[in-house]
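Everything below concerns the one structure shown next.
Each value in this text was obtained by applying a stated rule to the coordinates, not by laboratory testing. Since we're looking at a predicted model, the values are computed, not measured. No Cβ is skipped: glycine too gets one built from the backbone with ideal geometry, and neighbour counts run over all protein chains shown.
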Amino acid sequence: FFAHARTAMVHGLRLCNISKDNVVLIPDYICSVVPQSISNVCSYVYYTVNNDFTPDWRQLHELVGNKTKAIMMVHYFGQAKDVEKFINFAREYSLLLIEDNSHGHSGLLNGRVLGTYGDIGFSSPRKILRTNTGGILYLNHDLVSAPDIMKLAQSNIIKNKFRNIINKFPTIK
């Protein structure tokens, strides 16, 4: 669990060894927080999204280059779109599939939680539950080792303990 889905996404990218030399393909219809957050880890290139929220698949094939490491699919308004096509596209080019389900926390497709189809997935329960914070990261366990996940968990435990101490003293906060 994270404060925000964007934080979960960044940690997922780092855990999957995406670095400054890599490029992620992201849709051109996306919240500005996504490219801002991704730019802390790697580069990104926009792909065109049609009026029905499907990608321009022809353009996507043209955008893949030797530095392209991942592609992001977005479940706009919590509605699954082209999941099988994205999975097949990612496999064709040996890309990681990043699944943005920020607006559809706990949504299902064929009985499976949206956000778990990709190699990296994230959702934002705070947008559904009306809380100030909340982000969830889903990871394909074949990509990330248990020690890496434990390092991430430990860093978040320490941050949460520190935050709880600070919250007791409003003047410091």
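Shape of the stretch 66-112 from its Cα gyration tensor (a ≥ b ≥ c, root eigenvalues): rounded if a/c is under 1.5, otherwise prolate when a/b > b/c, or oblate?
Numbers: a/c = 2.93, a/b = 1.89, b/c = 1.55.
Prolate is the answer for the stretch 66-112, as a/c is 1.5 or above and a/b outweighs b/c.
Looking at the square roots a ≥ b ≥ c of the eigenvalues of the Cα gyration tensor of the stretch 1-132, which shape do they give, rounded for a/c under 1.5, prolate if a/b is larger than b/c, or oblate? Numbers along the way, then the final one.
Values: a/c = 1.60, a/b = 1.21, b/c = 1.32.
Oblate, since a/c reaches 1.5 and b/c is not below a/b.
For the stretch 1-74, with the dipole built from +1 on Lys and Arg beta-carbon atoms and -1 on Asp and Glu ones, taken about the Cα centre, which of Phe53, Ala8, Ile30 lies farthest toward the positive end?
Ala8
Classify the stretch 30-93 from the C-alpha gyration tensor, please: rounded if a/c falls under 1.5, else prolate or oblate depending on whether a/b exceeds b/c.
Oblate, since a/c reaches 1.5 and b/c is not below a/b.
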